[in-house]
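The values are calculated or read from the model by the stated rules, or taken from the named source; none is laboratory data. Bear in mind the structure is a predicted one, so any value in this text is a computation, not a measurement. Methodologically, a virtual Cβ is constructed for each residue, glycine included, from the backbone with ideal geometry; neighbour enumeration extends over all protein chains shown.
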């Protein structure tokens, strides 16, 4: 009987030992900080889209009218945007157009539309270019916005500034705690790839409807605002 009790006692000890948690390595003490960086520049190019749209009783007449205006737009645009990829032409789209007369839907004609997207790399030429565009029978100028040709480099510069700011913040925290910052454990970039205006409200755009042709032959000036490239970085460092 004593031998049986001893065997049961040993088995119980083995069972309890199997349930004990496995010791784990202690996580290193660390400090976490966030840094911010931004670069503000003046834009060096503008991009816009020009629409030509006409409605005629016959489809071929609508298409021909659109093509005539697009040819004028291309002739003007290529003088101000001579680069190979500075002028892009969309395909022509055509649809039936309906209107309402005395509450009844009636067929008006065939509508044909085509767009030309243009990039102006010399902002000094933007105003005279727009003035010449407005002298043509275009329907709309839309999506006028500004950018910078070195945007990728500017974003990386903002990233470096954000990282430096995170390191500086971590060092200040360590100094306040009377400890020394050790090796970097992790770095995370939380920046957005998009640039924004200097006031933080996003990239400025403009749409100008010209169906009334009230702008014909008159020039105007669009003054671009500063672009701001923002970056945010998180840093984790060990404590010595």
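Assorted remarks:
- Of all residues in region 151-172, those satisfying the criterion of being without any contact (Cβ under 8 Å) to a residue 60 or more places away in the chain and either under 24 Å from the mean Cα position of the chain (by Cα) or over 14 Å from residue 31 (Cα atoms) (or both) are 152, 153, 156.
- Count - residues of region 122-141 that are outside any helix (DSSP H, G or I) and buried (at least 18 other Cβ atoms within 10 Å of the Cβ): 4
- Just one residue in the set 220, 215 is outside any strand (DSSP E or B), modelled with pLDDT under 60 and surrounded by 15 or more Cβ atoms within 10 Å (Cβ to Cβ); that residue is 215.
- Residues located in region 74-133, provided they are touching a residue at least 24 places away in the same chain (Cβ under 8 Å) and at positive phi: 109
- Flag if residue 66 is within 17 Å of residue 118 (Cα to Cα) and within 34 Å of the chain's Cα centre (by Cα): no
- Residues in region 108-121 that are at pLDDT below 95 and either part of a loop (DSSP other than H, G, I, E, B) or surrounded by fewer than 17 Cβ atoms within 10 Å (Cβ to Cβ) (or both): 108 alone.
- Counting only residues that are surrounded by fewer than 20 Cβ atoms within 10 Å (Cβ to Cβ) and closer than 20 Å to residue 90 by Cβ, region 46-60 holds 7 of them.
Here's the yes/no breakdown for (1) over 22 Å from the mean Cα position of the chain (by Cα); (2) assigned by TED's automatic domain parsing to the domain that holds residue 56; (3) farther than 27 Å from residue 56 by Cβ:
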position	(1), (2), (3)
84	yes, yes, yes
89	yes, yes, no
93	yes, yes, no
100	yes, yes, no
105	yes, yes, no
108	yes, yes, no
113	yes, yes, no
117	no, yes, no
127	yes, yes, yes
